[in-house]
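Read-outs: derived from the displayed coordinates by stated rules, not from any lab. Predicted model, so just to flag it, every value in this text is computed and none were measured. Don't worry about glycine lacking a Cβ; one is built from the backbone with ideal geometry, like all the others, and counts go over all protein chains shown.
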Amino acid sequence: MGREVLLGDEAVGLGAVHAGLTGIFGYPGTPSTEIFEFVERIARKRGDIEAHWSTNEKVAYEEALGVSWAGRRALVTMKHVGLNVAADAFMNSAVTGANGGLVLAVADDPGMHSSQNEQDSRYFAKFALIPCFEPRDQQACYDMTRDAYDLSEELGIPVMVRLVTRIAHSRSAVETVSEPRPQNPLEPAKDIRRWTLLPSNARVQYRILVEKQPELLRRAEESPYNVLELRGKRGIIACGITLNYALENLPRDHDWSILAIGQYPVPPEKLRRLVEHVDEVLVLEDGYPFVEEMLRGLFGLGMATVRGRLTGELPRTGELNPDLVRAGMGLPEVATAAQMDTTAASRPPTLCPGCPHTDTYKALNEALEIFTDPQVFSDIGCYTLGALPPLQAIHSCVDMGASISMAAGAAIAGYRPAVAVIGDSTFAHSGMTGLLSAIEQEANVNIVIVDNETVAMTGTQPSAATMETLDRIVLGLGIDPEHFRVITPVPKNHADNVRVFREELEHEGPSVIVARRACIEKIKRHR
Amino acid sequence: MEKNLILAGVGGQGILSIAFVIDNAALDAGYQFKQAEVHGMSQRGGAVQSHLRYADHPIHSDLIPTGRVDMVLSVEPLEVLRYWKTLSPEGWVVSSITPYINIPDYPDMDELLTQLVSFPSVVLVDAGKIAQAAGNLRAQNMATLGAASPLLDFDDEQLLKYVRVLFGAKGEKIVAVNEKAYRYGKAAGQFFRGLIEAGIAPLDAVWLTRRMDPATIDPAQAGRWARLASDKDALAAILEAGSDLDAARVGVPG
Ligand code: SF4
């Protein structure tokens, strides 16, 4: 046994390594990024694990599926919204099933600390009919990930490990096994019908997946991560990390009956025993009211009163914490020190001093002055901060790549000027296809690609389409070379850059302007 | 035993470095710990915070409940106001008074200080000045940690061991600077508390501590300074004798 201090993310990564991982793939996204980065550091030292950032989550998922197909163990990591991108591969991988152990570690962001929504990935696990683990602490992150691999191979399906921000980015000591499991040998799946989802094969495969469901339920029922403790007449169902919030507020000899859930599907028998035992049950979930809704059904539960996010005891949206759970349990507030009632001026994140995006936006803002109230479509990255004062240069941010396609749609609807601002990595992730469409459709758009040579927001990971690669892609997609411009966003070039923007704004038809200068943070880190 | 800290600051000020030092000291001392941190968007110059808990028994929640916070340890004075309502009635505020101004509506410094000293259990040090004296402005985090250290459950060596681990890769010089910042910060914090305990008005204590040379400030002298400072005219005369404090220090009353 060893002991290591690990973030929840890192504990998942180490669990995978100790489970005999062969390959890890992913796309950076808070709060999931550190899973990959941790394994990557180990991989670099050991040399026998493959760690690759992919261009997007779908590609990452398919690469992991390929490793699984080859009989070896794979981990694929992403944030919750990344799973939307990977959903096609994800859903169908449940139908093909896994050969080598395939684990998807997905980090949800309740409270939207660094995200545009707080969707709950447990619905995806249920949607795909696969098991899902939800750790309550760092130790469980490590243990569950190892168990997930065994389960994946025993049942022949992918398994999800669902994290939330607080567990992903919280650190504690983790006990580790002394004998990591060796990697699987290369043993490709040769069952063509299983892996070729023609309708005739897919129907068979889908039936096999459905027939596995009773076994999934049995596993959940017997899981050491689903713990039922019957005491008094007040009940709690605590999913994942929320168990800690409940226990934090209770003395050791409390009289609440608690069902802790860490493995899905929800174990029906344990749930029934709890509900039959108590008069009322409070459902704690750091995410959507997934279990609560299931429990309540359309007409409520005859036997016990169900409370939670849907009944107002807990807020419907946002992240839970010990205070909210305490209030939900009906316990009195804890006394605090008496201070003057002060509020602190808010301090939102900002672009770093000297950030290239600032110079790009200043030039773009000035170039756009010829229009009344121009709206600029943008995307996801550091440059999204350009929406805030003082720049207020962009006016949309929806999903990866949406800037280009939305600008094209707006242009087609007759909107002028249709400007999109997108980063180099976001362009590689989901912008290329949008640009190809816009070019094919001859949409009158101006695409600004802010090439800072890295994935900056998540910690300067390598970008798949920067510098010459980016230029070749853009030209290869068919942009008219006369309307492919490259500028250097520095203060002394301001007037020139404004002129370039103006010229392209006047052009009827698609144009691409690459604003290229390295991220300051990247230069610092990679010095 | 259980200690719950909120580490506060602005993205880039290195509060995770403070966390690293305390985490490992706690682990060495045989405590359990949990420490929740903020990654991602707010690290770009936004308000950041870390909940750090250690105890001699298992810890449940990664987040500290309101009313159970023992200390708000802040590398930046404005950031204190964001979290101090969660302090327990016995809780402490330990903060640098060096402002990090990257917002247009940053409050007036005098008003901010007046607010901070209204809280009785407070330790305030000028981490910017201390770090500069130690040799690097970036060491403000370690200066603030030093100021907080007497209220933690470790001796200097237990903490400094991990200051060395943390900065080891950056070379001996950086290690030395950060160790110095820690020690200066500790001395300044103790000096400040010494003044308060000797009955000096808190704002005067801030003012006097700030004017001391971080390299030579001596907590043992706090009582004498306090006696002197209670006589405003005498103090002003001494401090005026030389605009620089070393000259003034010559006149430390015996
Ligand atoms: S990390 Fe890089 S891209 Fe992001 S704000 Fe800072 S300099 Fe700009």
For the residue pair A:SER200 and A:GLU468, what label-to-label distance in nm results when each label sits 7 Å from Cα along the Cα-to-beta-carbon direction? 5.0
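For chain A: lysine pairs with Cα atoms under 16 Å, gap of 8 or more or different chains, count? Let's see the in-between values first.
Details: A:LYS58/A:LYS79; A:LYS126/A:LYS212; A:LYS233/A:LYS270; A:LYS362/A:LYS492.
Lysine pairs meeting the criterion: 4.
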3J(HN,Hα) from dihedral phi, region A:157-162, Karplus parametrisation 6.51/-1.76/1.60, rounded to Hz, x for glycine, proline: 9, x, 10, 9, 10, 9
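Taking region A:369-465, which GluC sites (Glu not before Pro) meet the DSSP loop condition and have no more than 13 other C-beta atoms within 10 Å? Numbers along the way, then the final one.
Working: sites: A:GLU369, A:GLU440, A:GLU442, A:GLU453; in loops: A:GLU442, A:GLU453.
Passing both the DSSP loop test and the Cβ count: A:GLU442.
List the chymotrypsin sites (Phe, Trp or Tyr not before Pro) within region A:225-308 that fall in a DSSP loop (any state other than H, G, I, E or B) and whose Cβ has at most 13 other Cβ atoms within 10 Å. Walk me through the numbers on the way to the answer.
Working: sites: A:TYR225, A:TYR245, A:TRP256, A:PHE290, A:PHE299; in loops: A:TYR225, A:PHE299.
Those that pass, being in a loop and sparsely packed, are A:PHE299.
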Provide a whole-number value for the mean count of partner chain Cβ atoms within 10 Å of the Cβ atoms in peptide B:54-66. 6
Starting from the Cα gyration tensor of region A:227-328, take the square roots of the eigenvalues, sort them a ≥ b ≥ c, and report rounded, prolate or oblate (rounded when a/c is under 1.5, otherwise prolate if a/b is larger than b/c, else oblate). rounded
Just to confirm a number: summing +1 for Lys and Arg and -1 for Asp and Glu over residues other than B:SER61 whose beta-carbon lies under 11 angstrom from that of B:SER61, what do you get? +2
Throw me the Rg/Rh for region A:5-103, computed over C-alpha atoms with Kirkwood Rh, two decimals. 0.94
In chain A, taking the dipole from +1 charges on Lys and Arg beta carbons and -1 charges on Asp and Glu beta carbons about the Cα centre, the listed residue (A:THR77, A:PRO182, A:LEU163) farthest towards the positive end is A:PRO182
Where nothing but the Cβ of Lys and Arg (+1) and of Asp and Glu (-1) is charged, how large is the charge dipole of region A:206-274 around its Cα centre, in debye to the nearest 20? 200
How large is ³J(HN,Hα), in whole Hz, for each residue of region B:32-39 in order, when computed from phi with the Karplus curve 6.51 cos²θ - 1.76 cosθ + 1.60 and θ = phi - 60°, using x for Gly and Pro? 8, 8, 9, 8, 9, 10, 10, 10
Contour minus Cα-Cα distance for A:LEU436 and A:GLU482 (0.36 nm per residue): 14.9 nm
List the residues whose amide H sits under 5 Å from the amide H of A:VAL164, counting only those 5 or more places along or on another chain, with H placed 1.01 Å from N in the peptide plane. A:ASP108
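Using a Förster distance of 35 Å, how high is the FRET efficiency between A:THR343 and A:GLN213, based on the Cβ-Cβ distance and rounded to 0.05? Before the final figure, lay out each step's value.
On the way: r = 51 Å, r/R0 = 1.47.
Once rounded, the FRET efficiency stands at 0.10.
Expressed as a rounded percentage, what relative contact order does chain B have, with Cα pairs under 8 Å and six or more residues apart?
Working: 469 pairs, mean separation 39.3, N = 254.
Once normalised by length, the contact order is 15 percent.
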Search the structure for amide H atoms under 5 Å from the amide H of A:ALA418, placed 1.01 Å from N in the peptide plane, and list their residues when 5 or more places away or on another chain. A:ASN446
What is the average number of partner chain Cβ atoms found within 10 Å of a Cβ in A:448-460? 1
How large are Rg and Dmax for chain A when calculated on the C-alpha trace, in angstrom? 25.3, 76
Note, A:HIS80: beta-carbon cut-off 11 Å, +1 each Lys/Arg, -1 each Asp/Glu, net -2
Using only atoms on other chains, find how many Cβ atoms lie within 10 Å of each Cβ of peptide A:321-328 and report the average. 4
So if I place +1 on the C-beta of Lys and Arg and -1 on the C-beta of Asp and Glu, and nothing else carries charge, what would the dipole magnitude of chain A be about its Cα centre? I want it in debye, nearest 20. 720
Count the net charge of all other residues whose Cβ sits under 15 Å from the Cβ of B:ASP110, scoring Lys and Arg as +1 and Asp and Glu as -1. -3
Mean-square fluctuation check for chain B, GNM, Cα pairs under 10 Å: which of B:GLY189, B:GLY146, B:GLY11 is largest? B:GLY11
Residue among A:ILE439, A:THR488, A:MET400 farthest towards the positive dipole end of region A:356-526, charges placed on Cβ: A:THR488
Just how far, in whole angstrom, is region B:70-122 from region A:442-514 if you go by their alpha carbon centroids? 44
Over what distance in Å are the Cα centres of region A:64-140 and region A:380-417 separated? 29
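Counting DSSP beta bridges in the protein assembly as shown, what percent are antiparallel, to the nearest 5?
Values: 29 of 99 bridges.
In the protein assembly as shown, approximately 30 percent of DSSP beta bridges are antiparallel ones.
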